[in-house]
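So the structure is just underneath, and the comments pick up after that.
Rule-based calculations on the coordinates, nothing more; no lab input. Since we're looking at a predicted model, the values are computed, not measured. Cβ: placed from backbone, ideal geometry, glycine included. Neighbour counts: every protein chain shown.
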Amino acid sequence: MTVDPRILRNTLSLFVTGVTIITTESQNGERVGITANSFNSVSLDPPLILWSIASASLSLSIFEAASDFAVHILRDDQSDLSQRFAQSGADKFTALNTKSGLGGVPLLPDCAARLECSLYGRHPAGDHIIYVAKVERLQSDPSARPLVYHGGRYATLADQPG
Ligand SMILES: Cc1cc2nc3c(=O)[nH]c(=O)nc-3n(C[C@H](O)[C@H](O)[C@H](O)COP(=O)(O)O)c2cc1C
């Protein structure tokens, strides 16, 4: 039996996620970043997280050579930033006020949370590569509301009454 990729995508899109931007920098200072909702927690001890990147991503060769990454968990007012980093090949960092983090990776300002990570493992899986990374430093804004992704659309959280 084969699964229709379109139906698979639509079905998986019913799983609600947050939205992250994952950045890194090449040896010669080229900055790359992708919007990713494949981010997830893995382990508390050691502190591990994961995401997956498409083999077709233009940034892949730089991610492959990198040993440090920054994961930015976006706020609910950052869907424009998410869209910017979801555009393949664009110069995504223009006019952004970045700082340099662990291993020189570009840090974006004003996110709900930011995790600076080092490579722990890479696992090819079909048309993606799963990255597992160790959290080395983190910072968060507990008052921030997260950006949500569901059914191919951005959304915001609504608390249940009571
Ligand atoms: C909400 C959202 C989530 C995404 N999640 C992922 C992801 O987890 N992994 C991935 O490879 N691409 C994901 N994408 C698509 C990438 O962000 C997009 O292909 C990226 O800009 C590729 O850039 P590049 O080709 O310049 O490397 C997502 C896009 C959106 C809008």
Most mobile of Thr17, Thr98, Thr35 per a Gaussian network model of the chain (Cα springs, under 10 Å)?
Thr98
Would you work out which of Asn28, His150, Leu102 lies farthest towards the positive end of the dipole of region 5-156? Charges go on Cβ: Lys and Arg +1, Asp and Glu -1.
His150
Given the rule -39500 (n - 2.57) for each run of at least 4 DSSP H residues, summed and divided by the residues of the chain, what is its mean residue ellipticity at 222 nm, to the nearest 500 deg cm²/dmol?
-3000 deg cm²/dmol
Which is farthest toward the positive dipole end of region 5-156 among Val42, Phe69, Pro5, measuring Cα position about the Cα centre, with Cβ charges +1 (Lys, Arg) and -1 (Asp, Glu)?
Pro5
Using a 7 Å offset from the Cα along the Cα-to-Cβ direction at both Val16 and Ser55, what is the distance between the two label points in nm, to one decimal?
3.4
Summed over the other residues with a beta carbon less than 10 angstrom from that of Arg137, with K and R at +1 and D and E at -1, the charge totals -1
Using +1 on the beta carbon of Lys and Arg, -1 on that of Asp and Glu, and nothing else charged, what's the dipole of the chain about the Cα centre, debye to 20?
160
Please arrange Ile21, Ile130 by how many other C-beta atoms lie within 10 Å of their C-beta, fewest to most.
Ile130, Ile21
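When only Cα pairs under 8 Å and 6 or more residues apart are kept, what is the percent relative contact order across the chain?
With pairs under 8 Å counted, the relative contact order is 27 percent.
Report the charge-dipole magnitude of region 93-138 in Debye, nearest 20, computed about the Cα centre from +1 at each Lys and Arg Cβ and -1 at each Asp and Glu Cβ.
Details: 5 positive and 4 negative charges, 25 e Å.
The calculation lands at about 120 debye.
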